[in-house]
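Trainee: Please see the structure below; I have some questions.
Just so it is clear, none of the values below were taken in a lab; they were calculated from the coordinates. Given the structure is predicted, the values throughout are model-derived calculations rather than measurements. Counting neighbours? That spans all protein chains shown, and the Cβs are built from the backbone with ideal geometry, glycine included.
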């Protein structure tokens, strides 16, 4: 039995797939499409990622570029896994606005109508202590 290799697709083909199949959630990474479990037809309003040392570059470059190009995404949230910091890119009058939240800042996700404090987002999160000499 032959093993079928996955084919890649362009960003435009991915957007067409999402438009033609709105009941299924997909993620597009480096030309490959993955079907995701759960979600609703409005799943593309907001995207969020937890930044880690191994994913941060991809989250801040490739994913940011592609999410900003997606017609239905209104907000992109980046939560830092190393410190109390959340960054949000949101669409306002067809322009993307960047906001950074730290300390006791209050956060609003306009696309969902949700308001919460940064501290609430990090409830029960414990950060690793940096190694001595770092």
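Trainee: Using only Cα atoms and rounding to the nearest 10 degrees, what angle (0 to 90) does helix 11-20 make with the longest principal axis of the chain?
Mentor: Between helix and principal axis, roughly 80 degrees.
Trainee: Right, next: Using all C-alpha to C-alpha distances in the chain, build P(r) with 10 Å bins and read off the rounded percent in each one.
Mentor: 10, 35, 34, 15, 5, 1
Trainee: Just for the chain, what percent of DSSP beta bridges are antiparallel, to the closest 5? It would help to have the intermediate numbers written out before the result.
Mentor: Details: 22 of 28 bridges.
Roughly 80 percent of the beta bridges in the chain run antiparallel, per DSSP.
Trainee: Determine, for 70, 115, 90, the number of other Cβ atoms within 10 Å of each Cβ, and report the residues in order from fewest to most.
Mentor: The order, fewest Cβ neighbours first, is 115, 70, 90.
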